[in-house]
Structure formats: C-alpha cells, structure tokens
Protein chains: 2
Amino acid sequence: MSEAVQLSEEQRRLIEKMGVGGEKNGMPPAPARIMALLMVSPETELTFDQVRETLNLSKSATSNAINMLLTTQKIDYITKPGDRKRYFKNKIGSWKEDVRSNFQNITRLADLFEEVLSLRPADTTEFNNKLREIIAFMRFMEEKLPGLYRQWEESQG
Amino acid sequence: MSEAVQLSEEQRRLIEKMGVGGEKNGMPPAPARIMALLMVSPETELTFDQVRETLNLSKSATSNAINMLLTTQKIDYITKPGDRKRYFKNKIGSWKEDVRSNFQNITRLADLFEEVLSLRPADTTEFNNKLREIIAFMRFMEEKLPGLYRQWEESQG
DNA sequence: TTTTTAGTTCTCTATTTGCAGAACTAAAAA
DNA sequence: TTTTTAGTTCTGCAAATAGAGAACTAAAAA
C-alpha cells in the first residue's frame with residue numbers, strides 16, 4: 001500500500017517552487033525537493049518510503065539524496081523505540097546558519113580581491129582604487145554584521 | 001601572431017581560483033574565467049582575441065561567454081576611435097551590486113518561508129515556531145541592512 | 001531457519017552542459 | 001571589387017549530471 005503523504009495541489013506547487021530555488025543555489029533536484037517536502041509536509045518527520053513515494057523517486061535517488069542531505073547537515077533523523085525506520089526531518093535551525101554563512105561569503109570574496117590587488121601593477125590607478133573601495137565596503141559589512149546578530153539575539157531576550 | 005596577454009604563473013593560478021569561485025556561484029566555466037581575467041590582467045581592457053588567446057578558448061566559447069557577461073551586466077566594453085574592435089572590461093562597480101543583491105536573496109527566501117507557514121497545519125507548534133523565528137530573523141536583517149548601506153555611503157563622504 | 005524490512009550499491013541510460021571547429025556575415029579596408 | 005576584420009551562428013561531440021531499476025546486504029521478525 002502507498003506510504004505517500006497526502007498533499008494539496010498548492011502544497012505540491014510550493015514544493016516545486018522551493019525545489020527550483022534550491023537548484024539555483026547549486027543543490028541537485030532530488031535533494032532540493034526532499035528539503036522542500038520536509039518543510040511543507042504536515043507531518044514533519046517522514047520515513048524513507050514516505051519521501052520516496054510522495055516525490056515519486058526511485059530508491060537509489062532517494063537514498064543518495066537523503067545521504068547527501070545528512071552529510072551536508074541539512075536534514076537529520078530520529079528513530080522510534082521498536083521501529084527500525086529512520087524518520088527524517090528538516091533541520092530548520094540550520095537555515096539561520098545558512099543565512100550567516102551566506103554573509104560569510106563576503107569575507108572569502110574580499111580575501112580574493114585583496115589577492116588580486118596584490119598582484120596588480122600600481123599604474124592602473126582608477127581600477128585599483130575602485131577595487132580598494134569595494135574591498136573596503138565588504139570589510140565594512142563584515143565588521144558590522146556581528147553587531148547586528150548580537151542586536152537580534154538581545155531583542156529575543 | 002599571438003595576442004595573448006602575458007601572465008605570471010601566480011596570476012594564472014589566481015584566475016583559476018576566481019574561476020572556480022565563479023562556478024560555485026552558478027557561473028559557467030568560460031564566463032567565470034573571463035571575469036577573473038578582466039580583474040587580474042595588468043591591462044584592464046582586452047579585445048576579443050586577447051581574451052580568446054589568453055584563456056585558450058574557441059571563438060564560439062569566447063563569443064557566447066562575452067555576450068552572456070554583457071547581458072548580465074557583469075562586463076562592459078569601450079571602443080577607440082578608428083578601431084573596430086571592442087575593448088572589454090570588468091564592471092567592478094557591479095560587485096557592490098552583487099553583494100547587495102546577494103543580501104536581497106534573504107527577502108526572497110523569507111517570502112517563500114511565509115508561504116510555507118501559511119500552508120502548514122497549526123498543530124505542529126514547535127516546527128511552526130522555529131519557522132516563525134527564522135522568518136523574523138530574516139526580516140530583521142532585511143530591515144537593518146539599508147541603514148548599514150547608508151552608514152557606509154556617509155562614511156565615504 | 002527463512003523471510004521481511006530498510007535501505008545501499010551497481011549498471012545503464014537519458015539529458016544537459018560546455019566547448020571546439022567550421023561555416024557564415026556585415027562592415028571596413030585595400 | 002576583393003579581402004580582411006571582428007566577430008556570430010551552426011553542427012556535433014565529449015563529459016558531467018541525475019535518476020531508474022535491479023541486484024545486493026545486514027539486521028530484525030516470523
């Protein structure tokens with residue numbers, strides 16, 4: 001019998017939409033849809049077969065996708081006493097981490113740009129100055145963000 | 001005769017490194033390397049053939065990559081009187097835009113999450129509350145960033 | 001002990017991507 | 001007018017991606 005989760009048309013559309021969003025962030029289709037399913041599904045903890053049948057994936061696709069989401073810490077699972085199945089769930093908390101680590105990318109980019117600057121001839125003044133300005137802007141953002149985070153944590157008291 | 005730009009080993013390595021960085025942000029290899037070349041090259045304005053020969057690309061790859069960078073506003077070109085060639089240059093200013101539009105992604109994600117929340121049953125309280133908290137965090141960042149930008153512009157006089 | 005469960009791993013295929021090379025084009029130069 | 005320049009577009013291939021389906025496995029249940 002079918003293990004598939006019952007979903008409305010609207011819920012299915014939203015899963016697709018989030019799936020596409022995930023793909024745009026470099027996630028392969030199947031993992032992206034599983035992530036989305038684990039957000040949208042009324043039941044928040046789903047078994048392998050529930051995931052598989054709801055999304056019409058093959059066992060291999062399901063297995064590979066779930067394992068990739070587990071190793072990249074995007075999902076997690078729980079077990080229930082006397083039940084061999086794993087119940088997979090979205091690590092929603094990881095989204096806040098994602099936002100922060102997304103901000104962290106600025107640092108990496110600024111570092112790269114400084115490397116570029118160090119290898120540039122001094123005589124392309126205009127270009128170099130624009131480059132310096134952008135680096136300064138990135139460093140500024142980098143410096144101010146921790147303060148914002150703190151402000152948020154405090155407002156949550 | 002060769003039009004290739006002379007580059008040190010170090011400069012070539014940096015171009016590859018930036019190229020890989022670009023690929024990780026969803027840019028195809030050739031455009032990513034052209035972007036990088038136009039940052040690292042001592043000459044900041046390069047012709048079609050200089051790009052082509054420096055990066056060992058085919059004409060078609062060069063043409064397609066350049067046009068995609070032009071339409072996505074990542075590069076720009078100038079011309080010189082009595083010279084039919086176009087001289088392509090990195091729109092370095094666009095990097096600041098990139099940083100900002102990167103922040104803008106939060107908004108899109110928050111919107112999506114609100115859509116999710118609206119379709120969720122009320123009884124998964126813990127999940128819904130975590131979701132609400134993340135949305136609130138994103139909205140908070142969204143709200144505070146413009147102030148930071150203003151602060152930066154002001155500090156630049 | 002055999003069977004079922006909850007997956008994993010292997011093989012194969014369809015699709016997509018990224019590029020090369022060649023043919024082509026429109027404007028300028030000779 | 002013919003040739004050159006500065007590309008563009010078309011054809012085709014090679015590699016990478018993504019997933020189906022079947023064979024396999026280890027632990028638990030019967």
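The values are calculated or read from the model by the stated rules, or taken from the named source; none is laboratory data. Everything numeric in this text was worked out from a predicted model, so none of it was measured. Note that we place each Cβ from the backbone using ideal geometry, even for glycine, and neighbour counts take in every protein chain shown. Keep in mind that these areas ignore ligands, DNA and RNA; they rest on the heavy atoms of the full protein, side chains included. Shrake-Rupley method; radii C 1.70, N 1.55, O 1.52, S 1.80 Å.
Among the residues of the range A:1-40, those that are within 9 Å of another protein chain (Cβ to nearest Cβ) and assigned to a loop (DSSP other than H, G, I, E, B) comprise A:Ser8, A:Asn25, A:Gly26. Taking the conditions (1) away from every other protein chain (no Cβ under 14 Å); (2) within 12 Å of DNA strand C (Cβ to nearest atom); (3) among the aliphatic types (A, V, I, L, M) in turn, B:Leu70 satisfies each one other than (2).
In the range B:82-104, of all residues being surrounded by 15 or more Cβ atoms within 10 Å (Cβ to Cβ) and in a strand (DSSP E or B), the one that is farthest from the other protein chains (Cβ to nearest Cβ) corresponds to B:Arg86. Taking residues in the range B:14-33 that are farther than 15 Å from B:Lys74 by Cα, and partners anywhere that are part of a helix (DSSP H, G or I) and of a type in the set (Lys, Arg), the pairs with Cβ atoms closer than 7 Å and at least 6 places apart or on different chains are B:Ile15/B:Arg33.
Among the residues of the range A:10-26, those identified as open to solvent by less than 40 Å² (accessible area, probe 1.4 Å) and within 16 Å of DNA strand C (Cβ to nearest atom) are A:Gly19, A:Gly21, A:Gly22.
Within the range A:75-104, restricting attention to residues that are of a type in the set (Asp, Glu) and under 10 Å from the mean Cα position of the chain (by Cα), the residue that is nearest to DNA strand D (Cβ to nearest atom) is A:Asp98. Exactly one residue among B:Thr107, B:Thr125 is closer than 30 Å to A:Lys89 by Cβ and open to solvent by 40 Å² or more (accessible area, probe 1.4 Å), and that residue is B:Thr125.
Entry remark, the range B:36-58: residues being touching a residue at least 40 places away in the same chain (Cβ under 8 Å), within 21 Å of A:Ser118 (Cα to Cα) and open to solvent by 50 Å² or more (accessible area, probe 1.4 Å) number 1 in total. Filtered by the rule that a residue be open to solvent by 20 Å² or more (accessible area, probe 1.4 Å) and within 7 Å of another protein chain (Cβ to nearest Cβ), the range A:128-139 gives a lone residue, A:Lys130.
Scanning the range A:59-74 for residues that are open to solvent by 60 Å² or more (accessible area, probe 1.4 Å) and either within 11 Å of DNA strand D (Cβ to nearest atom) or among the acidic types (Asp, Glu) (or both) turns up A:Lys59, A:Ser60, A:Asn64, A:Met68. The single residue among A:Thr107, A:Thr79, A:Thr54, A:Thr44 that is assigned to a helix (DSSP H, G or I), of a type outside the set (A, V, I, L, M, F, W, C) and in contact with a strand residue (DSSP E or B) (Cβ under 8 Å, 6 or more places away or on another chain) turns out to be A:Thr54.
Every listed requirement among (1) outside the structural domain of B:Arg139 (by TED's automatic domain parsing); (2) open to solvent by less than 10 Å² (accessible area, probe 1.4 Å) is met by B:Ile78 save one, (2).
Criterion applied to A:Glu154, A:Glu115, A:Glu142 was being open to solvent by 90 Å² or more (accessible area, probe 1.4 Å) and either touching a Leu at 6+ places or on another chain (Cβ under 7 Å) or of a type in the set (Asp, Glu) (or both), and the one residue passing it is A:Glu154.
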